[in-house]
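J.: What follows is a structure written as structure tokens; I'll ask about it next.
The values are calculated or read from the model by the stated rules, or taken from the named source; none is laboratory data. Values in this document were obtained by computation on a predicted structure and should not be read as measured data. Virtual Cβ from ideal backbone geometry, glycine too; neighbours counted across all protein chains shown. Surface accessibility is based on the protein's heavy atoms, side chains included, excluding ligands, DNA and RNA. Shrake-Rupley method; radii C 1.70, N 1.55, O 1.52, S 1.80 Å.
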Amino acid sequence: MVALSMKGSGINLEDLQNFFHHNLETITLLSFPLLFLLTIYMLSRPKPVYLVDFSCYLPPSHLKVSVKTLMEHARRAREAGVCWKNKENDYLIEFQQKILERSGLGQETCIPEGLQCFPLQQGMAASRKETAEVIFGALDNLFRNTGVKPGEIGILVVNSSTFNPTPSLASMIVNKYKLRDNVKSLNLGGMGCSAGVIAIDVAKGLLQVHRNTYAIVVSTENITQNLYLGKNKSMLVTNCLFRVGGAAILLSNRSRDRARAKYELLHTVRIHTGSDDRSFECATQEEDEDGIIGVTLTKNLPMVAARTLKINIATLGPLVLPMKEKLAFFVTFLKKKYFRPELKNYTPDFKLAFEHFCIHAGGRALIDELEKNLKLSPLHVEASRMTLHRFGNTSSSSIWYELAYTEAKGRMKEGDRIWQIALGSGFKCNSSVWVALRNVKPSVHNPWEDCMDRYPVEIDI
């Protein structure tokens, strides 16, 4: 072999070839650890979680009720002796009317059939009927839109806070759609309005373990069984806000689904301050002085919500904010802690991190407070306000009606980042962060398609 020298390098190619020939065994042995470490990294790195599509339940038009109709129902119930039997209890009806008029709810929110008839039907059969119609309505549309067969589902997570029959709602879905025998199913109960994000986080964890599969998350709440007919004003508030609704979400960890998926999940942040008694007790299901079950909302709720939200923001910020905002937050923190305790906390500009905000439509005051504290514009909270107006507080599913609103408006562009934030009993504040993988168009039977031309609407103060 002719020896050729590389110009200016002094390296002889023949010597180099001889070196590799005589040291091949050593090089091979050294490469094994590198290959091993690379394999471990590839197997242990987090798998992407894609949101293929989601579907929100659209109640039939005969379930719509105006504020006037609701008040007529309440008075009729009193006259029929169902509740507030004495004439002097009319102040309770007037109290609910005032709450409704200031709530931000519109004239087309929906209540279940069992609460629109006399005598009221609040038993197990009526409650199951409401929940089945909501869940199956959302799932039927999801399967139809995606073309995914029920037998392909490997993971199922269902959340419903106060309605948890036996067999479970998850089992009801398994039975209805004949899911396979080895489906990993979970039923989350008692976790409040923030449970939808918890369910997403649980599904994300399972998708890291079980490869090449689909997960379905179902978020709903039951209204039939939770109508409060007592005299405790703090328990009557929930009657005015909660309405029929639910959502089904299809997730995937299959790389081939990225091409058709709408979003990719970037982060989930869960904060639970239940170790503090005030947090634990601020929203509690219990009996009133007459033995009637309802949900008590204490005066500590606004303070607890603000504190829990603050912790969530402090945890999420470093994950999503640009470096400039991180430094400003850190410098202010140090100044306040060591030099100037009176200094106000620095609120990062989350508008630099997200294009869209899906704030749980828990009530008008909640949306107002988050808009103010996060320094958001009316456009940023439009989806939340309009969801509250059109559908009411649908509990854990409200953030999905808000995302559907943004899609229906044609505002979701490739690369846009979305922050879903929800608060609930316990007390919890949970966040999920998504990025749009394409310009997202609304799916068939989007819940807003029959009224999008009328929104946004002006809401009287």
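J.: Identify, by number, the condition in (1) touching a residue at least 60 places away in the same chain (Cβ under 8 Å); (2) among the basic types (Lys, Arg); (3) more than 26 Å from Thr406 (Cα to Cα) that Arg364 doesn't meet.
T.: Against the list (1) touching a residue at least 60 places away in the same chain (Cβ under 8 Å); (2) among the basic types (Lys, Arg); (3) more than 26 Å from Thr406 (Cα to Cα), Arg364 comes up short only on (3).
J.: Consider Ser275 carefully, then state whether it is in contact with a Pro (Cβ under 9 Å, 6 or more places away or on another chain), of a type outside the set (A, V, I, L, M) and open to solvent by 90 Å² or more (accessible area, probe 1.4 Å).
T.: Criteria not met by Ser275.
J.: Could you list all residues from region 383-403 that are open to solvent by 10 Å² or more (accessible area, probe 1.4 Å) and touching a Ser or Thr at 6+ places or on another chain (Cβ under 9 Å)?
T.: Scanning region 383-403 gives a single hit, His389.
J.: For the condition at positive phi and surrounded by 20 or more Cβ atoms within 10 Å (Cβ to Cβ), what is the one hit in Gly196, Gly192?
T.: Gly192
J.: Would a scan of region 414-426 turn up a residue that is open to solvent by 10 Å² or more (accessible area, probe 1.4 Å), more than 29 Å from Arg258 (Cα to Cα) and charged (D, E, K, R)?
T.: No, because not a single residue in region 414-426 is open to solvent by 10 Å² or more (accessible area, probe 1.4 Å), more than 29 Å from Arg258 (Cα to Cα) and charged (D, E, K, R).
J.: Does region 319-339 contain at least one residue that is under 30 Å from Pro447 (Cβ atoms) and either open to solvent by 10 Å² or more (accessible area, probe 1.4 Å) or under 18 Å from the mean Cα position of the chain (by Cα) (or both)?
T.: yes
J.: Still on this model: Consider Val148 carefully, then state whether it is touching a helix residue (DSSP H, G or I) at 6+ places or on another chain (Cβ under 6 Å), closer than 27 Å to Asn446 by Cβ and at pLDDT 95 or above. Don't jump to the end; show me each part of the working.
T.: Values: touching a helix residue (DSSP H, G or I) at 6+ places or on another chain (Cβ under 6 Å): no; closer than 27 Å to Asn446 by Cβ: yes; at pLDDT 95 or above: yes.
No.
J.: Let me ask you something else. Of the conditions (1) touching a residue at least 60 places away in the same chain (Cβ under 8 Å); (2) open to solvent by less than 10 Å² (accessible area, probe 1.4 Å), Arg438 clears all except one; give me its number.
T.: Failed condition: (2).
J.: Just wondering, is there one or more residues in region 359-377 that are of a type in the set (S, T, N, Q) and buried (at least 24 other Cβ atoms within 10 Å of the Cβ)?
T.: Going through region 359-377, the residues of a type in the set (S, T, N, Q) turn out to be 373, 377.
After this cut, where a residue has to be buried (at least 24 other Cβ atoms within 10 Å of the Cβ) as well, the list is none.
So far as region 359-377 goes, no, none of its residues is of a type in the set (S, T, N, Q) and buried (at least 24 other Cβ atoms within 10 Å of the Cβ).
J.: Can you tell me which residue within region 20-78, out of those that are modelled with pLDDT of 85 or more and in a loop (DSSP other than H, G, I, E, B), is surrounded by the fewest Cβ atoms within 10 Å (Cβ to Cβ)?
T.: Filtering region 20-78 for residues that are modelled with pLDDT of 85 or more and in a loop (DSSP other than H, G, I, E, B), the one surrounded by the fewest Cβ atoms within 10 Å (Cβ to Cβ) comes out as Pro60.
J.: A further question on this structure: Any idea how many residues of region 207-229 are open to solvent by less than 40 Å² (accessible area, probe 1.4 Å) and within 21 Å of Gly154 (Cα to Cα)?
T.: 9
J.: I would also like to ask the following. Mind listing whichever residues of region 390-440 are of a type in the set (S, T, N, Q) and under 20 Å from Glu369 (Cα atoms)?
T.: Across region 390-440, the qualifying residues are Asn393, Thr394, Ser395, Ser396, Ser398, Gln420, Ser425, Asn430, Ser431, Ser432.
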